[in-house]
Structure formats: C-alpha cells, structure tokens
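The values are calculated or read from the model by the stated rules, or taken from the named source; none is laboratory data. Because the structure is a prediction, the values reported are computed rather than measured. Counting neighbours? That spans all protein chains shown, and the Cβs are built from the backbone with ideal geometry, glycine included. Just the protein is used for accessible areas: all its heavy atoms, side chains included, with ligands, DNA and RNA removed. Shrake-Rupley method; radii C 1.70, N 1.55, O 1.52, S 1.80 Å.
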Amino acid sequence: MTHDTDFATSPAPADVVRRQYLASAAGDLAALRATLAPDVEWTEMAGFPLAGTYRTPDGVTSNVMEKLGADWSGWIAHDDTYVVDGENVVVLARYTATHKNTGKQLNARVAHHFTVRGGLIVRFEQFVDTALVRDAATA
C-alpha cells in the first residue's frame, strides 16, 4: 500500500481535515462532502457573510462553498498549522480571494476547530476577523 492510499483512506483526524482542505481548494465538492458526517454541524462565525450553522454535507457545500464561489474568485483556505488533541483538530490558516463585485482582495488569518469521529468531520467552527471580510466585500 502506498502512502497516498493510506492518506486517502486514513481515519486519523488530521488526515480527514487535510483532505477537506485539499478538496475545497480543488473545488471538488463531492470529495469535500465525503469528509463530512451525515449529521455534521458546520458553523460560520457571527459577522461572516454566511454566518450560521449548516447541517448535512449537501447543506454545507450548497450554503457555504457554492456561495463563496459565487461571490469570490479564487477563494482558498490555506491551512498551515495543525494542533491535534484526540478528535479535536484546530487549524491555523489564511483565506485569500478577490471579491467579484468590488475587485478587492482578501487576505485574512483564520482558525478552524474541527471535531472528527469515525473518520468524518462531525463539527466545524470558524474564527475569523469578519471586518476584513466585510471590508473586501464592501464598495
């Protein structure tokens, strides 16, 4: 078995979360949904344009990823630091994108808290400077 196969199927929390970031960056919503539990709770921070809690893999991708793609060009969460404690994975990352209406660029540090059980993401919570996002989206 190759390392790639191990990573592709690993239930280890950090591997599951990393697959989610890779799928998101590639725009592969089917692969992203495959990392999410059927009863996932995905919370976008209050003050963020898509603030709220979304459930089900389809609910997450249609209400978050597809809407980000509609409003922003090149939206990517660049994951760089992982802190793992059992089923909890905290990722420090950076959002980069350009708002389609304003043409303004976003470059904001973020923290994401994932809970992974049984090889699937069951909970996500976003922490971001929402003012930076709002400023980039405001003419």
- Message: Looking at the structure I just gave you, is Arg134 part of a helix (DSSP H, G or I) and loosely packed, with under 15 Cβ neighbours inside 10 Å?
- Response: yes
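Given the residues Ala12, Ala8, which is the only one that is of a type in the set (A, V, I, L, M, F, W, C), farther than 19 Å from Arg94 by Cβ and modelled with pLDDT of 95 or more? If you could, list the steps in order and put the result at the bottom.
Details: Ala8 fails: modelled with pLDDT of 95 or more.
Residue meeting the stated conditions: Ala12.
Could you pull out the residue among Ala46, Ala37 that is more than 29 Å from Ala8 (Cβ to Cβ) and either in contact with a strand residue (DSSP E or B) (Cβ under 8 Å, 6 or more places away or on another chain) or open to solvent by 60 Å² or more (accessible area, probe 1.4 Å) (or both)? Step through it out loud before you land on a result.
Values: Ala37 fails: more than 29 Å from Ala8 (Cβ to Cβ).
Only one candidate passes the filter, namely Ala46.
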